[in-house]
1. To the nearest 20 debye, what charge dipole does the chain have about its Cα centre, counting +1 at the Cβ of each Lys and Arg and -1 at the Cβ of each Asp and Glu?
2. Rounded to the nearest Å, what's the spacing between the alpha carbon centres of the range 111-137 and the range 66-95? Just the number, please.
3. Given only helices, namely DSSP H runs of n ≥ 4 each adding -39500 (n - 2.57), what is the per-residue ellipticity at 222 nm of the chain, to the nearest 500 deg cm²/dmol?
4. If one takes the longest principal axis of the Cα atoms in the chain, at what angle in degrees, from 0 to 90 and to the nearest 10, does the Cα axis of helix 2-16 lie?
5. Rounded to the nearest percent, how much of the accessible area of the chain (1.4 Å probe, protein heavy atoms only) is carbon and sulfur?
6. Name the residue farthest towards the positive end of the dipole of the chain from the options 10, 64, 129, assuming +1 on Cβ of Lys and Arg, -1 on Cβ of Asp and Glu, about the Cα centre.
7. What distance in nm separates the two pseudo spin-label positions at residue 23 and residue 140, each 7 Å out from Cα along the beta-carbon direction?
8. Specify which labelled value, from (1) -0.27, -0.49, -0.88, -1.13; (2) -0.40, -0.63, -0.92, -1.06; (3) -0.37, -0.57, -0.91, -1.12, agrees with log10 I(q)/I(0) by the Debye sum over Cα atoms at q = 0.09, 0.12, 0.16, 0.18 Å⁻¹ derived from the coordinates of the model shown.
Amino acid sequence: MLSTCLMALLAAISLSTFVFTADPKGSLAVSSIQVFPGNARRYANKNQDFAFVNFNLTADLTPLFNWNTKQLFLYVSAEYENKRGVKNEVVIWDRIVRRKEDARLSLAGRNKYVFRELSASFKDAAPAHYSLKYNIMPYVGVLTYGEAARTAEPVPFPERQELS
């Protein structure tokens, strides 16, 4: 009897979070991109292009927090098509937000993770769209996903800069 009541309570908690609809707002702008040649650690003999992206991010994600929100997983991703026509989505930055007080972001950042083109070169790759996406991790219930900000226009990759 107790376990049935507990399961019913947890189901009610899980379903009640669908009542809360949030529309977080934010802006994401890419301030600069630099592309350099380099060698990947895994394939020492393979030359690849590495991109370094500087971006400005502001977002108010406090509407995503309610009594069932444990934490938010935030990430900035780059979506582009390489010269072979293969669509890619690469996570370049992430952060975990555990408190509502920390859900207002205003930062100038740089990619935290390596952004490289596996086909060796960003040359002839389509311009990339950058977006701030989030995953809401509840105490009880299903994960929900969304997008809080996106660059207004696709951002082209610059020419490769040679290291001297």
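The values are calculated or read from the model by the stated rules, or taken from the named source; none is laboratory data. What you see is a predicted model, and the numbers here were worked out from it, not measured in a lab. Neighbour counts run over all protein chains shown; Cβ positions are idealised from the backbone, glycine included. Note: accessible area is taken over every heavy atom of the protein model, side chains too, but ligands, DNA and RNA are not part of it. Shrake-Rupley method; radii C 1.70, N 1.55, O 1.52, S 1.80 Å.
1. Working: 20 positive and 15 negative charges, 94 e Å.
My answer is approximately 460 debye.
2. Between the Cα centre of the range 111-137 and that of the range 66-95, the gap is 8 Å.
3. Values: 1 runs with 15 residues, N = 164.
Counting only the DSSP helices, I get -3000 deg cm²/dmol.
4. Between helix and principal axis, roughly 50 degrees.
5. On the way: 5450 of 10030 Å².
C and S fraction of accessible area: 54 percent.
6. Of 10, 64, 129, it is 10.
7. Simple spin-label model gives 3.0 nm for this pair.
8. Label (2) holds the value from this structure.
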